[in-house]
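Quick notes on the structure that follows.
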Amino acid sequence: MSGTSAALTPPAGAVAPVRHPDAPAPGELLGAHYEQCFGCGEAQPHGLRLQARAGEGISLTAEFTVQPAHQGAPGLAHGGVLATALDETLGSLNWLLRTVAVTGRLETDYVLPVPVGTVLHLEAEVTAVAGRKIYSRATGRIGGPDGPVAVRAQALFIEVKTEHFIDHGRPQEIRAAMSDPDPSRRERAFEVNP
Ligand SMILES: CCCCCCCCCCCC(=O)SCCNC(=O)CCNC(=O)[C@H](O)C(C)(C)COP(=O)(O)OP(=O)(O)OC[C@H]1O[C@@H](n2cnc3c(N)ncnc32)[C@H](O)[C@@H]1OP(=O)(O)O
């Protein structure tokens, strides 16, 4: 059984998303946007270390391997961890639009249990844009792109200004991210909630 709330149905005036001219080429790895990100950062020992790769249009694929630290029941991934993987994958789509946005709503269908050790293969696309609202969906499959569907999600991301993070984030992490000597890492750290 699955369903989508009215909040995730694009309104009549919604338009197709437009790929930014500087978006990474199809097949290119996006890389972590922030090393402390629980979804993709390399500095989080129990994080997902999800790796996303640009696709055609406003789509991408991503993978992460379910680790023992991600369990909810013996030998099975925690549902919140799977929602994190979907959130991270969907959030990464905004990099192809070069729009700074945060998750407003995320609806998840859990279709199959996901054992520890599984490589979860995710595919995601932006379906529509309406003003600041970005509508997207994702599917996660066990083992690879042709594996059985384990999870699905639909989401609404809301465009925000960079100040969103500076105004709301804890000062010590904001200061550390802003003082990164690498300008591209500085910029990307603020694409999402640090
Ligand atoms: C290399 C890789 C890089 C990038 C890689 C990135 C990967 C990161 C993935 C992780 C992403 C996250 O987890 S982000 C972290 C989790 N999310 C958050 O912390 C967000 C917390 N919430 C907020 O800060 C706020 O509620 C906002 C910014 C979402 C919205 O506040 P606002 O700016 O005041 O806007 P507001 O007027 O309320 O809403 C604007 C429009 O959106 C609608 N709207 C707002 N919230 C919702 C909602 N939950 N459900 C339905 N609709 C909503 C409103 O009805 C309105 O529609 P209308 O009246 O215009 O029609």
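Structural size metrics of the chain, computed from C-alpha coordinates, are Rg and Dmax of 16.3, 49 Å.
Given the options I58, G131, W95, identify the residue whose Cα lies farthest towards the positive end of the charge dipole of segment 58-134 (+1 on Cβ of Lys, Arg; -1 on Cβ of Asp, Glu). Of the options given, the answer is G131.
Ranking of Y34, Y110 by neighbouring Cβ atoms within 10 Å, starting from the fewest: Y110, Y34. Of the three principal axes defined by the Cα atoms of segment 92-194, the extents in descending order read 43, 35, 21 Å. If only the Cβ of Lys and Arg carry +1 and only the Cβ of Asp and Glu carry -1, the dipole of the chain around its Cα centre is close to 280 debye. Per residue, the convex hull spanned by the Cα atoms of segment 85-143 measures out at 90 cubic angstrom.
We did not get these values from a lab; they are worked out from the coordinates using the rules stated. It should be emphasised that the depicted structure is a prediction, and the values quoted were computed from it without experimental measurement. Glycine also receives a Cβ, built like all others from the backbone with ideal geometry; neighbour counts cover every protein chain displayed.
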